[in-house]
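K.L.:
Quick one: the structure is below, and I'll ask about it shortly.
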Amino acid sequence: MMTQSISAMFEALRQKLGPQVQSVRADREDEVYVLLRDADIRPITEHLRGEFGARLVTVFAEDRCSAEGVFFNYYVFEQKGSAQYLIVQAPVRSDTLEFPSLSAELPSANWQEREIQDWFGLKAVGHPNPRRVALHDNWPDVYPLRKDFPLETVLPPFEGERHIYRPAFGEGVLQVPVGPVHAGIIEPGHFNFAVAGEPILYLQLRMFYTHKGTEKLFEKIPIHKAVFLAESISGDSSFSHGTAFCQAIERAASIEVPLRGLAMRTILLELERICNHVADIGAIATDVGFVIANAHASRLKETLVTLNEQMTGSRQLRGMVCVGGVRRGWDQAQLNTLRDTLDSFAREFRDLISLIDSSESTRDRLEQTGVLRPEKARALGIVGVGGRASGVDLDVRRDHPYAAYPRYSFRVPVYQAGDVWHRMQVRIDEVNESIGIVRNAMPDGLQREFRVPVPSIPSDRCALSAVEGWRGEIIHWIRTGPDNHLQRCKIKDPSLNNWPALVEAVQGNIIADFPVINKSFNLSYSGTDR
Amino acid sequence: MFKILQKTVSTGTVTANYPAEPIKISGRFRGRPSFDFDKWKDARPAAEVCPTGAISLSDKGDSRKVTVDYGLCVFCGLCAEASSEQAVRITQEFELATSDRRNLVLAAEYTLNADRTHRGLRKVDRKSVNVETDVESLGKKARETIQKILGRSLAIREVDAGSCNGCELEIVALNNPVHDVERFGIQFVASPRHADMLLVTGPVTRNMELALLKTHRAMAEPKVVVAVGACGISGGIFGVNYASLGSVDKVLPVDVYIPGCPPRPQALLHGILLAIGRLAERLHDNRAG
C-alpha cells in the first residue's frame with residue numbers, strides 16, 4: 001500500500017473497498033490520510049492487516065461538530081519496512097453516535113476505544129468490555145473532550161457507583177487488592193490480583209488515577225507554552241514528549257530545524273534513554289534482593305542527571321526543546337564535560353553489568369520470570385522495550401527516522417525469550433548503543449545554528465509526530481487552530497499499549513515476583529492517564 | 001562476592017554532606033528568578049511568555065499590579081530571556097520551602113506611561129521570598145529533633161496525587177547513595193500508620209482525591225503535610241480543571257510548601273527539615289495540652 005503514489009493508492013482502495021473510500025490525500029510524504037464515508041472501519045482494517053500486515057498504532061477521536069457537523073475517529077496504521085503512516089479518518093454517525101469496535105480483534109484498541117466513549121460520549125459497538133476507563137465509575141455523564149464542555153468545569157463531589165472487579169471463585173482462591181497508593185515511591189494505580197495460593201490467576205488493572213485533563217488543556221494554552229505541558233505528560237520522558245510535540249508543530253508549519261538542533265535533540269533523547277535504563281536495571285536488581293547493584297546504578301544515574309543539568313540547566317532535561325530547535329547552544333566546555341562523563345560512565349556501566357552477570361541468584365530469579373511470548377506480544381500490540389524483548393522488532397528511530405538519527409548507525413536489540421532477564425538485556429544493549437549514538441552526534445552538536453525563528457503557525461493543519469522514547473513509541477497528533485493555538489492534541493504514550501503485556505506476563509507467576517515483573521516493563525501511569 | 005567488595009572499596013564514599021556543607025551545582029542550573037522591581041520597565045514580555053501564569057499583571061487605569069508567584073513557577077527561565085532590561089535574573093537559589101504560602105508571592109505596583117510601560121514604582125509588597133536560609137542550623141536542629149523527640153527516626157509516607165512522576169524521581173533520588181536521607185534517620189515507609197509526615201505531589205486529581213484523604217486519615221497524630229512542586233502548591237501548569245483540583249491545600253492542611261518543577265533533592269531535603277521543625281512544635285503542643 002505504502003509505496004504507491006496517492007492516486008494509485010486511491011484506485012486500489014476503491015477497487016477493494018468500493019465507494020466507502022471517499023478520498024486519499026498526503027499531507028506529507030510519510031503521512032497519508034484515507035477519508036471514509038462512514039464509521040465502519042472493519043473492512044479497511046481487515047484489508048490493511050491481511051494484505052500488508054499493517055499494525056494499528058493508535059486510535060483517537062476528534063469533535064468536529066461545529067466545523068464539519070460530525071465526530072471523526074482516526075486509526076493510525078504502519079507497515080513494516082515503510083516510513084509512512086496511514087491514517088484512516090472515519091466519520092461517526094451523527095444520529096446514533098456509534099462506531100464499530102475493533103477491540104475483540106485488536107486488544108491494543110481496548111482502552112483507547114473506551115477513552116473515546118468516556119471523553120466524547122461515542123459508543124464502541126461490540127466492545128467486549130465497554131465499561132468506564134478514563135473517567136472512573138463514580139463520575140457523572142460528562143464528555144470533557146467535546147468542544148461544548150468548558151475545561152474549567154468544576155464538578156460537584158462524585159456520588160456515583162464504585163468499580164466492581166470481576167470476582168474470582170474456587171477453593172483457596174482469593175483476591176488481593178493493591179493500590180492506588182503503593183508501598184514505594186511510585187505512581188498510583190489499582191491492581192486486583194486473583195491468586196490461588198502463591199500463583200497469580202489473573203490481574204485486573206484500574207488506571208487513570210492521575211488523569212488531569214491534559215489533552216483538553218492542550219486546546220486552551222498557546223503553542224509556545226504547551227511545550228511545557230508536553231514535558232509534564234510523563235516526568236521521566238519529558239524530553240521525548242517535548243520533542244514529539246515540537247516535531248508535530250514543525251511538521252504542521254513546515255519548519256526545518258537546522259542540523260545542530262537535530263543533533264542536540266538526538267543527544268538529549270539518548271541521554272534520557274541511558275538515564276532511565278540505568279535506573280531500571282538497578283531497580284530490577286533491587287526487586288530480587290541485589291541491592292548493592294542498585295546502589296551503584298542509582299549513583300551512576302545521579303552522575304547522569306548532573307550531566308543533564310550541565311547540558312540543559314535541568315536535571316530532567318526540561319526547558320530545553322522548543323519549536324524550531326533547542327533553546328540554547330552548547331560550548332566546547334559543555335561538550336568536553338559530555339564526552340568525559342560519558343567515557344567514565346561507559347567504564348562504570350561495564351562494571352555494573354559484570355557485577356549483575358556474576359550473581360547467579362539474580363540471573364536465576366530473572367530468567368523465565370514474567371514471560372511474554374512473542375505471539376502474545378504481537379497480538380496485544382506491545383511496543384518498546386517490552387516488545388523488543390518478546391520478538392517485536394519495532395523502533396521509531398529506525399522505522400520512521402526523525403531528528404538526526406539517519407546520520408548515525410545503531411543496532412536495535414531484539415530477543416525472543418520475553419522474560420524479565422531479557423527485558424533487562426534489551427536495556428543493557430540499548431545503553432551501549434546510545435553511548436555510540438551520542439559520541440557520533442557530538443561533532444554535529446557544534447555546528448552554527450541550533451534554532452530557527454518560528455513564524456505564526458498556520459491554522460487547520462494536521463500533523464502526526466513519532467518519537468522512540470526510552471519506553472517505546474510516543475505519538476502526538478495535532479490539529480492547529482487560529483492564533484497559535486491547537487484544536488486537538490492526541491497523546492499516545494507507549495504505556496497505553498503495554499499494560500496488557502503486564503497482565504499477560506504475570507499469569508502463573510507468584511505474587512512476590514509481581515514487583516520485579518512490573519518494574520521490568522516500568523510503564524508510566526501519568527503517560528497513560530494524562 | 002570478591003567483585004562486589006572490590007567495587008565497593010574502589011568506589012569509596014560518595015555521599016554529599018548537604019546541608020552541613022554547601023553543594024556544588026552546575027552554573028547552568030536554573031533556580032529562583034529574582035526580580036529587580038526598580039529596574040523593571042515593562043513586565044508584559046515576561047508575563048506573556050510565562051507558561052504557568054506565575055507572573056501575572058492586572059492593569060487599572062494608569063496603574064499596574066505585578067504579582068510573582070513562586071508557587072506556580074516551573075523555573076523555565078523564559079522570563080529572564082524576555083525582559084530586555086535585565087530586571088529578571090535567574091539565580092542558583094533553590095532553598096525556597098516555606099510554611100507560609102504567602103511567602104512565595106511577591107507583588108509590586110507601578111504607574112504606567114501612555115505606551116503601557118512602567119513610569120514609576122509605586123510600592124512593593126514583598127521584595128524577595130522570606131525563607132529559612134540558615135540551612136546548616138536547620139539541619140542540626142532537625143537532627144536533634146529526630147534524635148530526641150522522634151525516637152531517632154522520622155517516617156515519611158509519599159503520595160502521588162496526580163504528578164507527572166517528575167517529583168517522584170527526585171524523591172527517589174533522596175534515597176540514593178549521594179543524597180542518602182537515612183543519614184538523618186529519615187525513611188520512607190509503606191504504611192501511613194507508621195508515618196509522621198505526608199509528602200504529596202501532583203495537582204490532586206479528582207480520581208486521587210479520596211485516596212489522598214484516606215491516607216491522611218490513616219496517619220496518627222501528630223502529623224505534618226508537605227506539598228511538593230508547582231503542581232502540589234498551585235496546580236502548576238495543570239491548574240484547576242474538570243479533572244484536577246489544583247493544589248494539595250484544597251484537600252488537606254499543608255504545613256510546608258516546596259517549590260520546584262521538580263524541586264531538586266536538596267530542595268526537598270530543605271523542605272523536609274523545615275517540616276520537622278513544625279512537627280516538633282506540634283509534639284510539644286500536644287504534650288503541653
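K.L.:
Which of A:K216/A:K519; A:K490/B:K65; A:K147/A:K492; A:K301/B:K7; B:K65/B:K223; B:K24/B:K141 have a Cα-Cα distance over 26 Å?
P.N.:
Beyond 26 Å: A:K216/A:K519; A:K490/B:K65; B:K65/B:K223.
K.L.:
Once you have a ≥ b ≥ c as the square roots of the Cα gyration tensor eigenvalues for segment A:409-518, tell me rounded if a/c is under 1.5, and otherwise prolate or oblate according to whether a/b is larger than b/c.
P.N.:
Oblate is the answer for segment A:409-518, as a/c is 1.5 or above yet b/c matches or exceeds a/b.
K.L.:
Report the relative contact order of chain A, percent, no decimals, based on alpha-carbon pairs under 8 angstrom and at least 6 residues apart.
P.N.:
The normalised contact order for chain A reaches 16 percent.
K.L.:
Now for a separate question. Relative to the present Cα-Cα distance, how much length would full extension add between A:D357 and A:Q204 at 0.36 nm per residue of separation?
P.N.:
On the way: separation 153, 0.36 × 153 = 55.08 nm, distance 3.38 nm.
Separation in residues times 0.36 nm, less the Cα-Cα distance, equals 51.7 nm.
K.L.:
Given the DSSP H assignment, sum -39500 (n - 2.57) over each helix run of at least 4 residues in chain A and divide by its residue total; what's the result at 222 nm in deg cm²/dmol, nearest 500?
P.N.:
-12500 deg cm²/dmol
K.L.:
Once every Cα of segment B:135-288 carries one equal point scatterer and solvent is ignored, give the base-10 log of I(q)/I(0) from the Debye formula at q = 0.12, 0.13 Å⁻¹, two decimals.
P.N.:
Evaluating at q = 0.12, 0.13 Å⁻¹ gives log10 I(q)/I(0) of -0.46, -0.54.
K.L.:
Determine the dipole magnitude for chain A: charges of +1 sit on the beta-carbon of Lys and Arg, -1 on that of Asp and Glu, nothing else is charged, the reference point is the Cα centre, and the result goes in debye to the nearest 20.
P.N.:
About 720 debye.
K.L.:
Can you tell me, using C-alpha contacts under 8 Å and at least 6 residues apart, the relative contact order of segment A:6-125 as a whole percent?
P.N.:
So the answer I get is 22 percent.
K.L.:
What are the ³J(HN,Hα) values, in whole Hz, obtained from phi via the Karplus relation 6.51 cos²θ - 1.76 cosθ + 1.60 with θ = phi - 60°, for each residue of segment B:11-28 in sequence order, with x given for Gly and Pro?
P.N.:
With the stated coefficients, segment B:11-28 comes to 6, x, 8, 10, 5, 7, 9, 5, x, 4, 10, x, 8, 8, 10, 4, x, 8 Hz.
K.L.:
Considering only B:L273, B:G260, B:P203, whose Cα is most displaced toward the positive end of the charge dipole of segment B:135-288, charges sitting on Cβ of Lys, Arg (+1) and Asp, Glu (-1)?
P.N.:
Value computed over the given set: B:L273.
K.L.:
Same structure again: Could you tell me which of A:T341, A:V305, A:M320 has its Cα farthest along the dipole of segment A:274-373 towards the positive end, charges placed at Cβ (Lys, Arg +1; Asp, Glu -1), taken about the Cα centre?
P.N.:
Final value for the positive-end residue is A:M320.
K.L.:
Something else about it: What ranking of A:S66, B:S244 emerges when the number of other C-beta atoms within 10 Å of each C-beta is taken as an exposure proxy, fewest first? Please report the intermediate quantities before stating the final value.
P.N.:
Details: A:S66 8, B:S244 30.
Ordered from fewest to most neighbouring Cβ atoms within 10 Å, A:S66, B:S244 come out as A:S66, B:S244.
K.L.:
Using Cα pairs under 8 angstrom and six or more residues apart, how large is the relative contact order of segment B:33-126, in percent?
P.N.:
Relative contact order of segment B:33-126: 33 percent.
K.L.:
Note down the magnitude of the dipole of chain B about its Cα centre, charges +1 on Lys and Arg C-beta and -1 on Asp and Glu C-beta and zero elsewhere, to the nearest 20 debye. Before the final figure, lay out each step's value.
P.N.:
Values: 38 positive and 33 negative charges, 56 e Å.
Charge dipole, chain B, about its Cα centre: 260 debye, nearest 20.
K.L.:
Still on this structure: Run through segment B:69-145 and list the GluC sites (Glu not before Pro) located in a DSSP loop whose Cβ has at most 14 other Cβ atoms within 10 Å. Could the numbers behind the result be given before it?
P.N.:
Numbers: sites: B:E81, B:E85, B:E93, B:E95, B:E109, B:E132, B:E136, B:E144; in loops: B:E85, B:E93, B:E95, B:E132.
Sparse-neighbourhood loop GluC sites (Glu not before Pro): B:E85.
K.L.:
Considering only DSSP states other than H, G, I, E and B, which GluC sites (Glu not before Pro) in segment A:379-472 qualify as loop sites with at most 14 other Cβ atoms within 10 Å?
P.N.:
Qualifying residues, ordered by number: A:E449.
K.L.:
By the gyration tensor of its Cα atoms, with a ≥ b ≥ c the square roots of the eigenvalues, what is the shape of the protein assembly as shown: rounded for a/c under 1.5, prolate for a/b over b/c, or oblate? Kindly include the intermediate steps, with their values, before the conclusion.
P.N.:
Working: a/c = 1.39, a/b = 1.18, b/c = 1.18.
It is rounded, given that a/c, with a ≥ b ≥ c, falls under 1.5.
K.L.:
Please arrange A:H241, A:H163, A:H182 by counting, for each residue, the other beta carbons lying within 10 Å of its beta carbon, fewest first.
P.N.:
A:H163, A:H182, A:H241
K.L.:
Hey, another quick one. Arranged by the count of other C-beta atoms within 10 angstrom, fewest first, what order do A:M424, B:M1, A:M9 take?
P.N.:
B:M1, A:M9, A:M424
K.L.:
From other protein chains only, count the Cβ atoms within 10 Å of every residue's Cβ in A:272-284, then give the mean.
P.N.:
Taking all residues of A:272-284 together, the mean is 1.
K.L.:
If Lys and Arg each add +1 and Asp and Glu each add -1, what is the summed charge of the other residues whose beta carbon sits under 10 Å from the beta carbon of B:S63?
P.N.:
+2
K.L.:
When we measure straight from the Cα of A:K80, which aspartates and glutamates land under 14 angstrom away, once same-chain ones fewer than 8 places off are left out?
P.N.:
Candidates past the 8-residue exclusion: A:D30, A:E51, A:D393, A:D395, A:D399.
K.L.:
Answer with one residue from B:T98, B:L112, B:F75: the one whose Cα lies farthest towards the positive end of the charge dipole of segment B:33-126, charges on Cβ with Lys, Arg +1 and Asp, Glu -1.
P.N.:
Farthest towards the positive end: B:L112.
K.L.:
Another question about this same structure. Shape call for segment A:297-402 from the C-alpha gyration tensor, a ≥ b ≥ c root eigenvalues: rounded (a/c under 1.5), prolate (a/b greater than b/c) or oblate?
P.N.:
Since a/c reaches 1.5 but b/c is at least a/b, the shape of segment A:297-402 is classed as oblate.
K.L.:
Please identify, among B:K24, B:K250, B:K141, the residue showing maximal mean-square fluctuation in a Gaussian network model of chain B using a 10 angstrom Cα cutoff.
P.N.:
Looking only at B:K24, B:K250, B:K141, the largest GNM fluctuation is found for B:K24.
Readers should treat all values here as calculations from the given coordinates under stated rules, not as data from a laboratory. A quick note: this is a predicted structure, and the numbers were derived from the prediction, not measured. Please note: Cβ atoms are built from the backbone with ideal geometry, for glycine as well, and neighbour counts cover all protein chains shown.
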